[in-house]
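Peer 1: Submitted below is the structure of interest, expressed as structure tokens.
The values are calculated or read from the model by the stated rules, or taken from the named source; none is laboratory data. Note that the structure is predicted; figures quoted are calculated from it, not measured. Glycine gets a Cβ as well: all are built from the backbone with ideal geometry, and neighbour counts include every protein chain shown.
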Amino acid sequence: MRIAFGADHAGFELKERLVAYVRSKGHEIVDVGTHGLDSVDYPAFGRAAAQKVLDGEADRAVLVCGTGVGIGMSAGKLPGIRCAMVAEPYSARLARRHNDANALAIGSRVLGPGSAEMIVDQFLDTGFEGGRHARRVGMIEVPGDSR
């Protein structure tokens with residue numbers, strides 16, 4: 001899979017670790033930044049990574065800020081993005097199985113790196129169950145949006 005990564009300054013170090021971790025599992029990486037610890041605005045990076053998914057340049061996106069909330073909210077504003085903001089692996093797995101989440105937002109200030117890796121594993125390794133969930137996911141989409 002091709003995975004887009006985006007983070008602000010608070011999420012930079014965890015993003016870097018997760019990029020290396022995901023790459024070691026054989027996935028291709030699209031890193032939209034940030035690329036350092038200087039203060040930046042999380043909405044730009046959340047949207048940039050999510051846009052890669054919408055444009056077909058990535059299969060999924062992983063987003064990191066201090067809590068995962070701001071960057072996840074920013075990405076989720078894009079029609080066609082279903083961003084799950086989670087803090088443990090079970091929710092990441094169900095976000096994929098039941099909600100067909102195509103973006104994941106996590107917080108560097110609320111998760112340790114090992115927990116973040118377990119969450120990312122569930123997000124990347126779990127498929128969409130479909131069935132009754134497909135109808136519900138369809139209800140999430142913005143009317144008139146073709147993505």
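Peer 1: Please count how many residues of the stretch 89-110 are in contact with a helix residue (DSSP H, G or I) (Cβ under 7 Å, 6 or more places away or on another chain) and assigned to a loop (DSSP other than H, G, I, E, B).
Peer 2: Of the residues in the stretch 89-110, 4 are in contact with a helix residue (DSSP H, G or I) (Cβ under 7 Å, 6 or more places away or on another chain) and assigned to a loop (DSSP other than H, G, I, E, B).
Peer 1: Turning to a different aspect of this structure: Could you list, in sequence order, all residues of the stretch 13-55 that are closer than 14 Å to residue 68 by Cβ and of a type in the set (A, V, I, L, M, F, W, C)?
Peer 2: 14, 18, 45, 49, 50
Peer 1: While we're here: Kindly list the number of the only condition in (1) crowded, with 18+ Cβ neighbours inside 10 Å; (2) closer than 26 Å to residue 137 by Cα; (3) in contact (Cβ under 8 Å) with a residue 40 or more places away in the chain that fails for residue 59.
Peer 2: (1)
Peer 1: Right, another one. Would you point out the residue of the stretch 6-32, among those that are among the basic types (Lys, Arg) and assigned to a helix (DSSP H, G or I), that is surrounded by the fewest Cβ atoms within 10 Å (Cβ to Cβ)?
Peer 2: 23
Peer 1: Give the number of residues within the stretch 56-66 that are in a loop (DSSP other than H, G, I, E, B) and within 13 Å of the chain's Cα centre (by Cα).
Peer 2: Selection size over the stretch 56-66: 2.
Peer 1: Sticking with this one: Among (1) over 18 Å from residue 31 (Cβ atoms); (2) without any contact (Cβ under 8 Å) to a residue 60 or more places away in the chain; (3) out of contact with any strand residue (DSSP E or B) (no Cβ under 8 Å at 6 or more places or on another chain); (4) not polar (S, T, N, Q), which single condition is residue 92 missing?
Peer 2: Tallying (1) over 18 Å from residue 31 (Cβ atoms); (2) without any contact (Cβ under 8 Å) to a residue 60 or more places away in the chain; (3) out of contact with any strand residue (DSSP E or B) (no Cβ under 8 Å at 6 or more places or on another chain); (4) not polar (S, T, N, Q), residue 92 fails exactly one: (3).
Peer 1: Which condition number does residue 130 fail, the rest of (1) at pLDDT below 95; (2) in a helix (DSSP H, G or I) being met?
Peer 2: Just one mismatch for residue 130, condition (2).
Peer 1: A follow-up question, please. Please state which of the following conditions residue 103 fails to meet, knowing it meets all the rest: (1) in contact (Cβ under 8 Å) with a residue 40 or more places away in the chain; (2) under 13 Å from the mean Cα position of the chain (by Cα); (3) over 21 Å from residue 52 (Cβ atoms).
Peer 2: Unmet for residue 103, out of (1) in contact (Cβ under 8 Å) with a residue 40 or more places away in the chain; (2) under 13 Å from the mean Cα position of the chain (by Cα); (3) over 21 Å from residue 52 (Cβ atoms): (3).
Peer 1: Further, regarding this structure: Run residue 81 past the list (1) crowded, with 19+ Cβ neighbours inside 10 Å; (2) free of Cβ contacts under 8 Å to residues at least 40 places away in the same chain; (3) of a type in the set (A, V, I, L, M, F, W, C); (4) part of a strand (DSSP E or B) and report the number of the one that doesn't hold.
Peer 2: Exception for residue 81: condition (4).
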